[in-house]
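Colleague: Let me give you the structure first, and then I'll get to my questions.
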Amino acid sequence: MEISTTFSGLILVLGLLVIGIVYYFTDNALQRQVDLRSTALASNLADAAAPLVTRKGMLELDALVGKYGRLDGVAYALIQDPKGEMLASSMQPFPIELKDASGSSTASRVTRVRGKSVYETRSPLLDGQLGTVRVGLWQETVQNDMRATLLPIIGLIIACLALGVGLSIMLASKTIRPILDLKAIADEISRGRLDTTVSIQSNDESVNWVGLWRE
């Protein structure tokens, strides 16, 4: 039991270490994918909106921004001019917490809109001369997607751990049982019981015969 417990403990410790490593690297990889997606959305919207802003096609700009705002997981899409004034927004009425007159360089941040966390990415319009595009993704949706990817992997690792623990207990039992039997026989002989029966199990008949002959 002590050996089985030791093997099982080692397997569990290694398993937890593997789970931690897998979680860390997978979480980072998924976060990079989120960054790439949000950056791509903001950049594509900026490319499509630039000519509309140039010729002041506001109806078309509203339709374009509304289309991006309806994408899965997108909290909002908006366009502001270089002074920070809103040109178009998919979220109506426009939340006061989104008013921001900061620079037009590409940037990412986490903010809150209507009590929920949002992962926002910005992209400049014509190098910032026409303004800035801002696209927000619901952080809850991002986290749910990440959990949906991570949980099956962690579940598979846990299943492998359980199998490893079971196999270690079984193998330890089969390996140690003959040794314990021999120890019990040696204890009996040491007490003077020389007529103790010694059972030898082997697939090699010659080894079995020599053992009996020596007895």
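The values are calculated or read from the model by the stated rules, or taken from the named source; none is laboratory data. Remember, predicted model here, so these are calculated numbers, not experimental data. Counting neighbours? That spans all protein chains shown, and the Cβs are built from the backbone with ideal geometry, glycine included. In case anyone asks, the SASA skips ligands and DNA or RNA and just uses the protein heavy atoms, side chains included. Shrake-Rupley method; radii C 1.70, N 1.55, O 1.52, S 1.80 Å.
Colleague: Could you check region 1-57 and list, in sequence order, the residues that are of a type in the set (Ser, Thr, Tyr) and open to solvent by 100 Å² or more (accessible area, probe 1.4 Å)?
Modeller: Scanning region 1-57 gives 23, 24.
Colleague: If you don't mind, another one. Looking at (1) in a loop (DSSP other than H, G, I, E, B); (2) open to solvent by 40 Å² or more (accessible area, probe 1.4 Å); (3) modelled with pLDDT under 85, can you tell me which one residue 100 breaks?
Modeller: So residue 100 meets the others, but not (2).
Colleague: Hey, can you tell me all the residues within region 132-147 that are of a type in the set (A, V, I, L, M, F, W, C) and part of a strand (DSSP E or B)?
Modeller: Selection gives 133, 135, 137, 138.
Colleague: Right, something else. Is there a residue being in contact (Cβ under 8 Å) with a residue 12 or more places away in the chain, closer than 20 Å to residue 75 by Cα and open to solvent by 40 Å² or more (accessible area, probe 1.4 Å) anywhere in region 149-162?
Modeller: Among the residues of region 149-162, not one is in contact (Cβ under 8 Å) with a residue 12 or more places away in the chain, closer than 20 Å to residue 75 by Cα and open to solvent by 40 Å² or more (accessible area, probe 1.4 Å), which makes the answer no.
Colleague: Taking the condition of being more than 34 Å from the chain's Cα centre (by Cα) and charged (D, E, K, R), how many residues in region 33-64 meet it?
Modeller: 4
Colleague: Here is a further query. Within region 118-128, does at least one residue satisfy the condition of being open to solvent by 20 Å² or more (accessible area, probe 1.4 Å), outside any helix (DSSP H, G or I) and polar (S, T, N, Q)?
Modeller: no
Colleague: When the residues of region 164-199 are narrowed to those that are over 30 Å from residue 18 (Cα atoms) and charged (D, E, K, R), which ends up modelled with the lowest pLDDT?
Modeller: 195
Colleague: What is the residue count in region 76-88 for residues that are at pLDDT below 90 and either within 34 Å of the chain's Cα centre (by Cα) or assigned to a loop (DSSP other than H, G, I, E, B) (or both)?
Modeller: The number of residues fulfilling the criteria is 5.
Colleague: Is it true that some residue in region 65-72 is within 25 Å of the chain's Cα centre (by Cα), under 26 Å from residue 143 (Cα atoms), in contact (Cβ under 8 Å) with a residue 40 or more places away in the chain and open to solvent by less than 50 Å² (accessible area, probe 1.4 Å)?
Modeller: no
Colleague: Six or more apart or on different chains, Cβ under 7 Å: which pairs go from a residue in region 33-55 that's under 26 Å from residue 149 (Cα atoms) to one that's among the β-branched types (Val, Ile, Thr)? Could you list them?
Modeller: 34/142; 38/121; 38/135; 39/121; 41/135; 42/121; 42/133; 42/135
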